[in-house]
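Bear in mind that the values in this text are calculations on the coordinates, not laboratory data. Small disclaimer: the values here were computed from a predicted structure and weren't measured. For neighbour counting, all protein chains shown are included, and Cβ atoms are generated from backbone atoms with ideal geometry for every residue, glycine included.
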Amino acid sequence: MILSQNIHWTGQVDPVAFTIFGRDIAWYGIIITLAMLTGLLVATLRCKKIGLTFDDLVEVFICVIPLAIIGARLGYVMVRPEYFPSDFTWDDFVRIFAVWDGGLTIMTGVPFGVLGAWLWSKWRKVDFIDVADVVMPVILLSQGLGRWGNFMNQEIYGAPITNPSLQWFPMAVYIARMGGWYQATFFYEMVLDIAFFVAIIIILRHLKVKGAGVCLYTFSYTLIRFVLEFFRDDGSLYDVVNYNQIICGVIALLSAGLLAFLIVRQVKKGEKIWYGKGGIPKELLPTVHIVTKSKKEKTENK
């Protein structure tokens, strides 16, 4: 990519990292992969306290990632008519699944990934909610880091910024194909994702309510998306509320309501839900037992 030296560096990014065997390898895919690997490592550290190992988490990711990618890709192409021309050919069919060209929708990727985790929990006969409470908040971290892939693609930006005093990164980002400065919405979301991730981890260190991790993640992500939907990449701000925004708003409210219900129900049972300094005692944390064939054999030999 050759651009004028007068263009700000945020408008000179090249979406292609390198080319191998004639195929361009996009920064988007590299960054998304690194974000997922970071999530795997952080999830492994968090899962140690409930008895899951790195190998267990790798199994979970093997079940989750393919389904999440399929869901994210389908969510992206299904609302874009250009992927379904009237003279639909085999090449068009292959293009639908061409994730290497970019184009994923997190909103549909997460539910498919959760389905993969649920299938794994059924296979391993473990409590899905106990695992999800620990793992799901980490998704926010991966989503936040993954937004840099959108930066490399020059996408996920907001309204134009015409005031020269505000034309600086990360307040704004220069979009080369548009020839101007726009709100750096990808960066806003990254900051919010990571901030909410940290907040959830702190809360879960003290709050002992089964399902809290799932509710807090769902509430946080949908709330973030609800707010950022006001910053549209069509050049309008505070435009008419769209369907994505309505769905996110409803899910955020339902998640908050469900968490409140779980807390009240536990309090009514006389169970302690909040532990102050020091957090939840280790002996009160849920423990996930995965019994493999080799472990069964060892037990029988004893």
task = Give me Ile175, Ile20, Ile202 ranked fewest to most by other Cβ atoms within 10 Å of their Cβ, as a rough exposure proxy.
result = Ile20, Ile202, Ile175
query = So what is the calculated 222 nm ellipticity per residue for the chain, using -39500 (n - 2.57) for each DSSP H run with n of 4 or more, over all residues, to the nearest 500 deg cm²/dmol?
reply = -19000 deg cm²/dmol
Antiparallel bridge percentage (DSSP; both residues within region 9-301; nearest 5) = 100
task = Identify, among Gly71, Pro137, Ser121, the residue whose Cα sits farthest towards the positive end of the charge dipole of region 51-150, taking +1 on the Cβ of Lys and Arg and -1 on the Cβ of Asp and Glu, with the dipole about the Cα centre.
result = Pro137
request  = Would you list the P(r) distribution for the chain, with all Cα-Cα distances sorted into 20 Å bins from 0 and each bin expressed as a whole %?
outcome  = 28, 54, 17, 1
key: Listed pairs Lys122/Lys269; Lys210/Lys282; Lys125/Lys268; Lys122/Lys282; Lys122/Lys272 exceeding 21 Å between Cα atoms   = Lys122/Lys269; Lys125/Lys268; Lys122/Lys282; Lys122/Lys272
note = In debye to the nearest 20, the charge dipole size for the chain, taken about the Cα centre with +1 at each Lys and Arg Cβ and -1 at each Asp and Glu Cβ, equals 1780
inquiry  = Suppose the chain between Glu59 and Asp92 were pulled fully straight at 0.36 nm per residue; how much longer would it get relative to their current alpha carbon spacing?
reply    = 8.6 nm
query = Tell me, what is the FRET efficiency for Glu82 and Asp24 to the nearest 0.05, using R0 = 30 angstrom and their Cβ-Cβ distance as r?
reply = 0.90
